[in-house]
Amino acid sequence: MRDHADITLFEKLGYTPSRVIRVFGMRRSGNHALINWLMRNAPEVSVFMNNCAPGKCPADTAKALEIGELGLPLGEASVAEYCAEVDDGGVLIISYEDFMPDPHEPLAAVTKGLPDDVECLDLVLFRGFMNWSASLLRKLQNNDVHDMFSRLRTMINAMDRYTEGLELVQETPARIRPVSYDRWVSRAKYRASILRALGFEQKDNSLGAVQPYGGGSSFQKDVKAAKDLAPHERWHLMVNNAEYQLLLLTASQHNELVELMVDLMPQDAALLKGYLAQARFPYHVQLAEGDET
């Protein structure tokens, strides 16, 4: 009898896709908008497993499941039970949030049970720092569970993962294709070029509907169509927020991050440097008489 650990992902799912696309991106980087667009343009009926745990089997850890754009309640049946009804072929999309892969490791190091000989492409999503950081911080502020200290701690940890993602984007190792959310959301030709590179027929190159995952937009809760969002203006709405100002000051001291920004998003790097100049940081603190003791 084979050990349970030797069972492949496809055996566990009960069907074999023609190819696998893994999507890696930080929260608030347009992950679900892009994946919904992939599902609308994918050949045949495809499967999407959302927000899986790295190092474990996606069939056991997916937070949500879609088959052919239809969301399925995992409380009523397991991922494997649903996928057992899917015919072989199509694309299997597996998403990971706030995590970046090591391109030198085998596929199964991140996606347990995924054979190394399968056709697999890793999409690494990235968004300009100013709007990404503003969106994520606003999302955390909308959650009463977090206080200011825990929000900033979460943001600093997220900046480290974000920096790892930019490193992959800059190096572009084999198997990894970077995708700029800012270009994707604003340029139909850019979206079309990605579909061509994937070998997908262009069926629906629109931005589609705002996806419900993660609570939708951090700023425009009532907007239904993604084309009506203004994702390029998020930092404008946060720039006078005290927590965001602290975050920008902290980011400006992250030398590795700033260097990557200069190469990959020079406008954001200039904005960050300009903000630092306006803040006149570090600033001189005048001690009151008696404070020296």
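Just so you know, all these numbers are worked out from the coordinates, no wet-lab data involved. Quantities reported herein were computed from a predicted structural model and do not represent experimental measurements. Heads up, the Cβs are rebuilt from the backbone with ideal geometry, glycines too, and the neighbour counts pull from every protein chain shown.
Among Gly89, Ala109, Pro266, which residue has its Cα positioned farthest towards the positive end of the charge dipole of the chain, with +1 placed on the Cβ of Lys and Arg, -1 on the Cβ of Asp and Glu, and the dipole taken about the Cα centre?
Toward the positive end, the furthest listed residue is Pro266.
Across region 4-279, how many lysine pairs, 8 or more apart or on two chains, come within less than 22 Å at their alpha-carbon atoms?
Lysine pairs meeting both conditions in region 4-279 amount to 14.
Pick from Thr111, Thr154, Thr16 the residue whose mean-square fluctuation is largest in a GNM of the chain, springs joining Cα atoms under 10 Å.
Thr154
For region 1-127, with only Lys/Arg (+1) and Asp/Glu (-1) charged at the beta-carbon, what is the dipole magnitude about the Cα centre, in debye rounded to 20?
Using Cβ point charges on Lys, Arg, Asp and Glu, region 1-127 gives about 560 debye.
Order the peptides 131-143, 74-86 from the highest to the lowest mean number of other Cβ atoms within 10 Å of their residues.
Going from most to least packed, we get 131-143, 74-86.
How high is the relative contact order of the chain, in percent, with contacts defined as C-alpha pairs under 8 Å that are six or more residues apart?
Result for the chain is 21 percent.
Sum -39500 (n - 2.57) across every DSSP H segment of at least 4 residues in the chain, then divide by the residue count to get the 222 nm mean residue ellipticity, nearest 500.
Mean residue ellipticity at 222 nm (helix-derived): -12000 deg cm²/dmol.
Modelled label-to-label distance, Glu76 and Asn157, 7 Å Cα→beta-carbon offset: nm?
Result for the modelled spin labels: 3.5 nm.
What ranking do Asp268, Asp88 get, fewest neighbouring Cβ atoms within 10 angstrom at the top?
In increasing order of surrounding Cβ atoms, one gets Asp88, Asp268.
Explain nothing, just the number: dipole magnitude of region 152-208 about its Cα centre with +1 on each Lys and Arg Cβ and -1 on each Asp and Glu Cβ, in debye rounded to the nearest 20.
Using Cβ point charges on Lys, Arg, Asp and Glu, region 152-208 gives about 240 debye.
Which value, in debye to the nearest 20, gives the size of the charge dipole of region 4-279 about its Cα centre, when Lys and Arg are +1 and Asp and Glu are -1 at the Cβ?
Around 1060 debye, computed over region 4-279.
What FRET efficiency, computed as 1/(1 + (r/R0)^6) with R0 = 45 Å and r the Cβ-Cβ distance, is obtained for Leu121 and His236, rounded to the nearest 0.05?
0.85
Can you give the relative contact order of region 103-180 as a percent, counting alpha carbon pairs under 8 Å and 6+ residues apart?
48 percent
So how much slack lies between Gln202 and Glu171, counting 0.36 nm per residue of separation and subtracting their Cα-Cα distance, in nm?
Additional length available on full extension: 8.3 nm.
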